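Novice: The following block contains the structure, expressed as structure tokens.
The values are calculated or read from the model by the stated rules, or taken from the named source; none is laboratory data. Fair warning: this is a prediction, and the values are worked out from it, not measured in the lab. No Cβ is skipped: glycine too gets one built from the backbone with ideal geometry, and neighbour counts run over all protein chains shown. All accessible areas refer to the heavy atoms of the entire protein, side chains included, with ligands and DNA or RNA removed. Shrake-Rupley method; radii C 1.70, N 1.55, O 1.52, S 1.80 Å.
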Amino acid sequence: MTATIYDVAREAKVSMATVSRVLNGTAVVREDTKQRVLDAIARLSYRPNAVARGLASKRTRTIGVIVPDVSAAFVAEVVRGIEDVATMYDYHIILSNSDAQVTREVDLVGTMWEKQVDGLVYMTNRLQKDHVDAFEQAQIPVVLCATEDPERRIPSVNVDNQLAGRDAATYLLARGCKRIAYITTTPGFSVLADLRGQGVAACLPGPFLRVDAKHGQYETALPLIQAFLREHEVDGLVTATDELGLAAIHAVQDVGKSVPNDIKVMAFDNTRLAVMVRPEMTVVAQPMYDFGAVSMRLLTKFLQDEPVDTYTVVLPHNIVERSST
């Protein structure tokens with residue numbers, strides 16, 4: 001894999017801005033630091049991008065957008081919001097797919113820096129120290145989109161996921177459900193799914209039943225939910241995503257039960273999947289387009305030195321009732 005400027009910065013233990021100053025000669029750099037950078041460049045056989053170097057001191061009107069899976073319906077709707085607002089403010093976007101792999105996500109930050117983007121809109125399943133270090137190295141404005149930063153270090157746009165989880169559980173309890181299970185991803189894989197689960201658990205009068213559906217793909221989740229339903233008597237299911245909701249409805253039907261008569265099912269997100277299944281899914285609707293649009297608008301405020309009321313934007317969610325409950 002071709003070395004990036006982030007790789008050089010990491011190898012030399014300096015910021016990407018320092019690497020840039022060494023390459024471009026735009027500022028004085030201590031001799032020992034300069035030598036560390038040059039040694040790292042030699043070890044990694046790094047070839048700087050001449051076009052990007054020429055743009056080092058100019059705005060490119062380009063925004064980097066890094067997402068876990070561009071093919072996901074949720075992400076596609078978010079990106080529409082980002083692009084619409086970017087176009088409104090005369091910015092172009094460069095979209096990159098990270099496959100939810102931390103190493104690739106970090107490398108992409110370096111790649112975006114090389115392309116001299118003015119800022120980043122960033123989505124990931126779980127923010128880690130490596131991500132934060134990469135942002136600090138890049139020294140460009142970053143806004144987290146539908147991504148949680150527990151320490152509130154980085155500007156972000158999200159919903160209150162714990163509250164959303166409580167609302168989902170409360171909704172099913174109000175409709176007579178007494179044994180509710182939460183179908184979600186492996187603990188630690190998605191901070192949003194974990195927060196929703198905490199909200200569900202806080203409302204339940206009995207034990208918290210959690211189904212670990214690994215990374216949340218339909219094909220993997222379906223047999224796991226089927227096995228769970230054969231071993232547990234439940235009358236309500238909350239799922240962390242629409243894709244898991246689809247798997248849950250099919251699993252209930254596969255074990256010979258009915259949705260919603262035997263088991264009520266509700267999901268999170270409100271993508272197209274929610275109305276493509278029968279019965280149609282009740283959901284806690286996420287403002288997907290607004291995630292992207294508000295994130296991009298917040299970033300433009302940073303880039304244009306406009307006043308910002310809050311660095312942590314919490315958007316409203318709502319329950320859309322359909323025939324699965």
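Novice: Which residue, chosen from SER295, ALA169, GLN253, occupies the Cα position most advanced towards the positive end of the dipole of the chain, where the dipole is computed from +1 (Lys, Arg) and -1 (Asp, Glu) charges on Cβ about the Cα centre?
Specialist: Ranked along the dipole, the leading option is SER295.
Novice: Here's a follow-up. Taking K and R as +1 and D and E as -1, what net charge do the other residues with C-beta under 15 Å from the C-beta of PRO260 add up to?
Specialist: Working: positive: ARG175, LYS178, ARG179, LYS257, LYS264, ARG278, ARG322; negative: ASP235, ASP262, GLU280, GLU321.
Summing Lys and Arg as +1 and Asp and Glu as -1 gives +3.
Novice: How far is helix 191-203 tilted, in degrees, relative to the longest principal axis of the Cα atoms in the chain, given as a value from 0 to 90 rounded to the nearest 10?
Specialist: The angle comes out near 30 degrees.
Novice: Using only the alpha-carbon atoms of the stretch 272-325, report the extent along each of the three principal axes, biggest first, to the nearest angstrom.
Specialist: 49, 17, 9
Novice: Once ligands and nucleic acids are excluded and a 1.4 Å probe is used, how much of ASP69 is accessible, expressed in Å² to the nearest 10?
Specialist: 60 Å²
Novice: Now, a different point. Looking at the calculated P(r) for the stretch 221-315, what percent of the C-alpha pair distances fall above 24 Å?
Specialist: Working: 1727 of 4465 pairs.
Above the 24 Å cut-off, the stretch 221-315 has 39 percent of its Cα pairs.
Novice: Amide H to amide H under 5 Å from LEU209: which residues, 5+ apart in sequence or cross-chain, H placed 1.01 Å off N in plane?
Specialist: TYR182
Novice: Got the relative contact order for the chain handy, in percent, Cα pairs under 8 Å and 6 or more residues apart? It would help to have the intermediate numbers written out before the result.
Specialist: On the way: 633 pairs, mean separation 57.4, N = 325.
Relative contact order comes out at 18 percent.
Novice: If you wrap a convex hull around the C-alpha atoms of the stretch 111-158 and split its volume per residue, what is the figure in Å³?
Specialist: Values: hull volume 3.5 nm³, N = 48.
With only Cα atoms used, the stretch 111-158 gives 73 Å³ per residue.
Novice: Still on this structure, please answer the following. Explain nothing, just compute: Karplus ³J(HN,Hα) = 6.51 cos²θ - 1.76 cosθ + 1.60, θ = phi - 60°, for every residue of the stretch 168-174 in order, whole Hz, x for Gly and Pro.
Specialist: In residue order, the calculated couplings are 5, 5, 4, 4, 5, 4, 5 Hz.
Novice: Angle between the Cα long axis of helix 73-88 and the longest principal axis of the chain, 0 to 90 degrees, nearest 10?
Specialist: That works out to roughly 40 degrees.
Novice: Once you order the gyration tensor axes a ≥ b ≥ c over the Cα atoms, which shape class does the stretch 135-225 get: rounded for a/c under 1.5, otherwise prolate or oblate by comparing a/b with b/c?
Specialist: Working: a/c = 3.11, a/b = 1.71, b/c = 1.82.
Oblate shape, in that a/c is at least 1.5 and b/c is the bigger or equal ratio.
Novice: If you place +1 on the Cβ of every Lys and Arg, -1 on the Cβ of every Asp and Glu, and leave all else neutral, what size is the dipole of the stretch 225-325 about its Cα centre, to the nearest 20 Debye?
Specialist: On the way: 8 positive and 14 negative charges, 41 e Å.
Dipole about the Cα centre, nearest 20: 200 debye.
Novice: So what does log10 I(q)/I(0) come out to for the stretch 240-282 at q = 0.27 Å⁻¹, using the Debye formula with one equal point on every Cα and no solvent?
Specialist: These q points yield log10 I(q)/I(0) values of -0.89.
Novice: Per-residue accessible area for LYS264 at 1.4 Å probe radius, Å² rounded to 10?
Specialist: 40 Å²
Novice: While we're on this one: Would you work out if the stretch 79-167 is rounded, prolate or oblate? Take a ≥ b ≥ c from the square roots of the eigenvalues of the alpha-carbon gyration tensor; rounded if a/c is under 1.5, else prolate when a/b is larger than b/c, oblate otherwise.
Specialist: Numbers: a/c = 1.84, a/b = 1.22, b/c = 1.51.
Note, shape of the stretch 79-167 comes out oblate.
Novice: Something else about it: Strictly greater than 30 Å: what percent of every Cα pair in the chain meets that?
Specialist: Details: 21792 of 52650 pairs.
Beyond 30 Å sits 41 percent of the P(r) for the chain.
Novice: Report, in deg cm²/dmol and to the nearest 500, the calculated mean residue ellipticity at 222 nm for the chain, where each DSSP H run with n ≥ 4 adds -39500 (n - 2.57) and the sum is divided by the residue count. Don't skip to the end; give the middle numbers.
Specialist: Numbers: 13 runs with 149 residues, N = 325.
Rounded to the nearest 500, it is -14000 deg cm²/dmol.
Novice: Sticking with this structure for a sec: Once you have the Kirkwood Rh of the stretch 60-104 from its Cα pairs, apply Stokes-Einstein at 20 °C and 1.002 mPa s and quote D in µm²/s.
Specialist: Details: Rh = 11.1 Å.
In µm²/s, the coefficient rounds to 194.
Novice: Taking 0.36 nm per intervening residue step and subtracting the Cα-Cα distance, what contour gain separates ASP133 from SER71 on full extension?
Specialist: On the way: separation 62, 0.36 × 62 = 22.32 nm, distance 2.75 nm.
Taking 0.36 nm per residue and subtracting the Cα distance, the gain is 19.6 nm.
Novice: A further question follows. Could you tell me how far the Cα centroid of the stretch 147-184 sits from the Cα centroid of the stretch 6-22, in Å?
Specialist: Cα centroid to Cα centroid, the span is 40 Å.
Novice: Give me the percent of DSSP beta bridges within the chain that run antiparallel, rounded to the nearest 5. Could the numbers behind the result be given before it?
Specialist: On the way: 3 of 37 bridges.
Bridges in the chain are about 10 percent antiparallel.
Novice: Given a 1.4 Å probe, how much area per residue of the chain is accessible, in Å²?
Specialist: Value for the chain: 45 Å² per residue.
Novice: Same structure, new question: Under a Cβ-Cβ cut-off of 11 Å, what is the net charge of the residues other than GLN217 that fall near it, where Lys and Arg count +1 and Asp and Glu count -1? Write out the running numbers ahead of the final one.
Specialist: On the way: positive: LYS214; negative: ASP69, GLU219, GLU243.
For residues surrounding GLN217, the net value is -2.
Novice: As I understand it, the value is the acute angle between the Cα axis of helix 218-231 and the longest principal axis of the Cα atoms of the chain; what does it come to in degrees, rounded to 10?
Specialist: So the inclination is approximately 40 degrees.
Novice: Round to a whole number: what % of the accessible area of the stretch 67-115 belongs to carbon and sulfur, probe 1.4 Å?
Specialist: Details: 1100 of 2260 Å².
Carbon and sulfur atoms account for 49 percent of the accessible area of the stretch 67-115.
Novice: Here is a further query. Can you give the direction-averaged projected area of the convex hull of the alpha-carbon atoms in the stretch 65-218, in nm²?
Specialist: Values: hull surface 40.6 nm².
That works out to 10.1 nm², a quarter of the Cα hull's surface.
Novice: Give me the dipole magnitude in Debye, nearest 20, for the chain about the Cα centre, with unit charges on the beta carbon: positive for Lys and Arg, negative for Asp and Glu. Walk me through the intermediate numbers first.
Specialist: Values: 34 positive and 40 negative charges, 85 e Å.
Using Cβ point charges on Lys, Arg, Asp and Glu, the chain gives about 400 debye.
Novice: So, one more: Quick one: how many Å² of ARG175 are accessible to a 1.4 Å probe, rounded to 10?
Specialist: For ARG175, solvent-accessible area is about 90 Å².
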